[in-house]
Amino acid sequence: MNSVGTLQSKPFSTLSIEERLTIKILGRTMPTVKIVQSVKCKSRSFNRTFKPDIYDKHRWLCGCDDKNAFFCFPCLRFDGEDLWTKNGKIDLNHLLDKVRKHENLKTHMKNELSIVSWEQ
């Protein structure tokens with residue numbers, strides 16, 4: 001019910017009160033996203049991998065097993081930029097920069113406030 005695929009296919013505004021409450025209770029999905037990236041930097045190379053603590057640092061971030069990507073849970077519910085609602089972030093390179101940039105968008109802030117006001 002609260003999966004990224006479900007939230008993408010059925011807008012939150014069209015859901016019944018019961019469905020909205022179920023999504024609220026279940027919360028965001030936080031799977032172990034299987035993203036591994038090989039990075040070469042000058043003379044050395046290394047792998048970047050998913051670290052689950054990112055979910056603790058960014059409470060709005062959710063993941064999708066099917067797409068192996070990160071999404072914004074509030075923006076999935078109330079609409080937001082395509083990167084975080086339709087496509088998902090699959091690149092670990094500069095992930096924290098993209099996260100910080102998204103957190104500062106007016107749309108994202110409005111969606112986070114909408115969640116708080118809807119849940120009270």
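The values are calculated or read from the model by the stated rules, or taken from the named source; none is laboratory data. Bear in mind the structure is a predicted one, so any value in this text is a computation, not a measurement. Counting neighbours? That spans all protein chains shown, and the Cβs are built from the backbone with ideal geometry, glycine included. Protein only, heavy atoms only, side chains kept; ligands, DNA and RNA dropped before computing areas. Shrake-Rupley method; radii C 1.70, N 1.55, O 1.52, S 1.80 Å.
Structural remarks
- Accessible surface calculations at 1.4 Å, restricted to protein heavy atoms, place the range 53-112 at 54 Å² per residue.
- Simple Cβ-charge dipole of the chain, Lys/Arg +1 and Asp/Glu -1, about Cα centre, in debye nearest 20: 580 debye
- Checked against a 24 Å cut-off, the cross-linked pairs Lys51/Lys86; Lys34/Lys57; Lys10/Lys101; Lys10/Lys86; Lys51/Lys101 give Cα-Cα distances beyond that limit for Lys10/Lys101.
- Three-way shape label, the chain, alpha-carbon gyration tensor, a/c 1.5: prolate
- Across the range 62-75, computed HN-Hα scalar couplings (Karplus, 6.51 cos²θ - 1.76 cosθ + 1.60, θ = phi - 60°) run 10, x, 9, 4, 4, 9, 6, 8, 9, 9, 9, 4, x, 6 Hz from first to last residue, x flagging Gly and Pro.
- In the complete set of protein chains, residue-level accessible area for Leu96 is approximately 80 Å², probe 1.4 angstrom.
- Glu18 accessible area, assembled protein chains, probe 1.4 Å, Å²: 130 Å²
- Counting Lys and Arg as +1 and Asp and Glu as -1 over every other residue whose Cβ lies under 12 Å from the Cβ of Gly80, the net charge comes to -1.
- Over the range 24-78, the ratio between the Cα radius of gyration and 2.2 N^0.38 Å evaluates to 1.38.
- Here the chain has 53 percent of its accessible surface on carbon and sulfur atoms, given a 1.4 Å probe and all protein chains in place.
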